[in-house]
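Remarks on the structure that follows.
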Amino acid sequence: MPGLSDLVEVIGLEEFGNQMLAFLDRVVGADHCTIYQLSNYDLVEVGSAGIATIPEAYLSSYEVKRRFRQLGTSGSRVDTYRLSSALDCSILPAVQHQGIMVLGSKLGSPYCIRILRTSQRHEATEAQLGRLREAADVLISLAARHQNLFLSKPTSSSALTSLVQIQERILSTKSLSRREGEVCARILYGYSSCGIALDLGIGKESVMTYRKRAYQHLGIGSQRELLLWYLEQVPETLNS
């Protein structure tokens, strides 16, 4: 689906909320979005983005909590609701903003992506909602992965300060051959292809070949995905 790759590229970064909004606006039309995680019965805001004209009353988390209580354990789902009736706010009875929620559980925690659509927009069509349902499970997975990576940033930073440690951790996973691991370690440490070739005493073409094989073995396609894979391994290798 167009735009998903852009969202993957900013997992763990501050721009994740803005990129999520851009994707949702393309799919279903969105003026504001907030991503929540339910942790120990408390709502944790993972990220948000949107226009500043959304009334503060409509950013209440009451409806999110209510729908979390109704969330089952199987798969993800997309719910729609009217903000005026959901908030029981008598001072704004004529405003008919539309709310949409994508809910699901990943990595042991429930997540919600709340979408707000202002009254200037027509109601989301069934075709738009259908496209959102198709992407729902992936979006919840990306939100969970983003939150886990964002929370692990202090550990992640220290895990990338030593080339020797990076290489040892990669090789300890036994996912790659020694040479593939050596090349990937230097990619993560910031070496260019020429720098890797000089450091390992091999040709630049060999570096490209080892990188290609490593990416194939890991099922990834970019340096960003290599970093995500490596950071997922760090807690395991630190504890082993």
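The values are calculated or read from the model by the stated rules, or taken from the named source; none is laboratory data. Owing to the predicted nature of the structure, the values given are computational and were not obtained by experimental measurement. Quick reminder, even Gly has a Cβ in these numbers, built from the backbone with ideal geometry, and neighbours come from all protein chains shown. When the accessible area is computed, the model is the full protein with side chains, heavy atoms only, and any ligands, DNA or RNA have been set aside. Shrake-Rupley method; radii C 1.70, N 1.55, O 1.52, S 1.80 Å.
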> Rule-of-thumb check for the range 181-238: C-alpha Rg over 2.2 N^0.38 Å?
Replying inline: 1.12
> Just how much of T125 is accessible, in Å², when a 1.4 Å probe is used and the result is rounded to the nearest 10?
Replying inline: 70
> Which cross-chain or sequence-distant (5 or more) residues have an amide H under 5 Å from the amide H of A30, H modelled 1.01 Å from N in plane?
Replying inline: D25
> Which FRET efficiency, nearest 0.05, do T161 and L107 yield, Cβ-Cβ r, R0 41 Å?
Replying inline: 0.95
> So if we plug the beta-carbon distance of E123 and Q233 into 1/(1 + (r/R0)^6) with R0 = 30 Å, what FRET efficiency do we get, rounded to 0.05?
Replying inline: 0.10
>> Using a 1.4 Å probe on the protein heavy atoms, what percent of the accessible area of the range 167-227 belongs to carbon and sulfur?
In response: 45
> Once the piece of chain linking L151 and S61 is laid out straight, how much longer is it, given 0.36 nm per residue of separation minus the C-alpha distance between them?
Replying inline: 30.2 nm
> Efficiency by 1/(1 + (r/R0)^6): what FRET value for L198 and E168, r their Cβ-Cβ distance, R0 = 30 Å, to the nearest 0.05?
Replying inline: 0.90
>> So, for the range 179-232, what is the accessible surface per residue at a probe of 1.4 Å, expressed in square angstrom?
In response: 50
> By how many nm would the segment from R224 to D6 lengthen if fully extended, with 0.36 nm per residue of separation less the alpha-carbon distance?
Replying inline: 77.3 nm
>> As a test of reading the structure, rank R213, R69, R224 by solvent-accessible area (1.4 Å probe, protein chains only), most first.
In response: R69, R213, R224
> Plugging the Kirkwood radius over Cα pairs into Stokes-Einstein for the range 1-41, at a temperature of 10 °C and a viscosity of 1.306 mPa s, what D comes out in µm²/s?
Replying inline: 144
> Say each of K212 and Y81 gets a label point 7 Å from the Cα, pointing the same way as Cα to Cβ; how far apart are those two points in nm?
Replying inline: 5.2
